[in-house]
Amino acid sequence: TCKVNFPDPNKLHYFQLTVIPDEGYYQGGKFQFEVEVPDAYNMVPPKVKCLTRIWHPNITETGEICL
């Protein structure tokens, strides 16, 4: 299950995403992400940060996504 929240309806390039997995290892968890899509999107990737403290090999201790 995913929910999207736009804190400022005038800034559609910035939103918060909440993911609540229905199955798998993270089932029952609630994970919040902050997403900012730059004006140069398509040439520059979106910035995504995990706001929930989690252990995952692709998420740093401060929430940056490393792919």
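Scanning region 12-43 for residues that are open to solvent by 100 Å² or more (accessible area, probe 1.4 Å), assigned to a loop (DSSP other than H, G, I, E, B) and more than 20 Å from residue 63 (Cα to Cα) yields 12, 22, 23, 39, 42, 43. Of all residues in region 38-65, none that is closer than 19 Å to residue 12 by Cα and touching a residue at least 60 places away in the same chain (Cβ under 8 Å) has its Cβ atom under 7 Å from the Cβ atom of a residue that is open to solvent by 60 Å² or more (accessible area, probe 1.4 Å) and among the basic types (Lys, Arg), 6 or more apart or on another chain.
For residue 61, indicate whether it is acidic (Asp, Glu) and open to solvent by less than 100 Å² (accessible area, probe 1.4 Å).
Working: acidic (Asp, Glu): yes; open to solvent by less than 100 Å² (accessible area, probe 1.4 Å): no.
Judged against the criteria, residue 61 is not a match.
Within region 22-37, the set of residues being at pLDDT 95 or above and over 16 Å from residue 51 (Cβ atoms) comprises just one member, 37.
Among all positions in region 44-54, there is no residue which is in a loop (DSSP other than H, G, I, E, B) and loosely packed, with under 10 Cβ neighbours inside 10 Å. So, residue 3, is that one of a type in the set (Lys, Arg), farther than 18 Å from residue 67 by Cα and in a loop (DSSP other than H, G, I, E, B) or not? The answer is no for residue 3.
The values are calculated or read from the model by the stated rules, or taken from the named source; none is laboratory data. Predicted, not measured: the structure shown is a model, and the values here were computed from it. Glycine also receives a Cβ, built like all others from the backbone with ideal geometry; neighbour counts cover every protein chain displayed. What goes into the accessible areas is simple: the full protein's heavy atoms, side chains included, and nothing from ligands, DNA or RNA. Shrake-Rupley method; radii C 1.70, N 1.55, O 1.52, S 1.80 Å.
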